[in-house]
Amino acid sequence: MFTFSDLAFGHILGRRGPFGVPHLQLVHDGLDPTPTGQPRRPCNLAAAAVEEYSCEFGSAKYYALCGFGGVLSCGLTHTAVVPLDLVKCRMRVDPQKYKGIFNGFSVTLKEDGVRGLAKGWAPMFIGYSLQGLCKFGFYEVFKVLYSNMLGEENTYLWSTSLYLAASASTEFFADIALAPMEAAKTGYANTLRDAAPKMYKVEGLKSFYKGVAPLWMRQIPYTMMKFACFERTVEALYKFVVPKPCSECSKPEQLVVTFVAGYIAGVFCAIVSHPADSVVSVLNKEKRSSASQVLKRLGFKGVWKGLTLTALQWFIYDSVKVYFRLPRPPPPEMPESLKKQLGLTQ
């Protein structure tokens, strides 16, 4: 049976990778690795211990509710921005015709009407709901799985690497769930109901998954940045900005921290993925252009046009956790065995 500290590392934030030196790790965390050194930051576990939760951390119900939070987080947000995403893509592909957000909406409304702005909403909603289910639900599973594979001490020291590994693993499966709906948006038909049978007739099952490899190339680095940066930012905010531990914060205060951390994480996600998305969109139209030619023509401003953030997704996901009273364990103390190895206890 796993201990609480084995599992509750959702907020543990290692300062170095798996090849980091434990001594430097401890100094950075405010610990003096000498026989007389004491932790400078107390860990308040009282509030978490007495709070009533709707399920046990790491239980099937916990993972199911996390997955449900992912459905709402990704499905609703991606569907809500379908009109903006449509115009944004057209701006990148044809900047002469769609000269800005407002101009892009105006031209689209004139040519396609109001319904034209919602083109592709069904595959978007279904596809990203399935992706969110896997992305957030499996992320919690892989965090626990990899933590127990490495053990308590390595989980504490190498947690950033765990975040990266867990998020990469979960996105692998999330993109498999998303791929069929992404393929359905590529112009087989005007509606999802017509697209699926036509896709199967033309290329069979292959047509539903031929785009999964490009999805992996685009989404896995994005998700690794998204989750690792979010986890590290949350810890930094509680350590350096918020004047009290997470366990003593009210639910609204925790959600504010979540939103801010999600916003910051979204900026770094865009740095990883958005330039590539811009180039790919143009390359899909201009078959003879090279990536370097497209980058040169777009320029810095063109590459970053239409930048989106992930703050709302994290806010919705965390709100689901709050609403269903899911366990929110505070950072555990350093394992006693590691303290003994480094001479921090008598």
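Between Ala64 and Met149, the modelled label-to-label distance comes to 2.7 nm, taking each label 7 Å out from Cα in the direction of the beta carbon. Rounded, prolate or oblate: which fits region 56-209, taking a ≥ b ≥ c as square roots of the Cα gyration tensor eigenvalues, rounded meaning a/c under 1.5, else prolate when a/b beats b/c? Prolate, since a/c reaches 1.5 and a/b exceeds b/c. Each peptide in 55-64, 215-224, 111-120, 166-175 gets a packing score, the mean of other Cβ atoms within 10 Å over its residues, and the list from highest to lowest is 166-175, 215-224, 55-64, 111-120.
Bear in mind that the values in this text are calculations on the coordinates, not laboratory data. Just so we're clear, the structure is a prediction, and the values are computed from it rather than from any experiment. Neighbour counts are summed over all protein chains in view; Cβ atoms, including those assigned to glycine, are modelled from backbone coordinates with ideal geometry.
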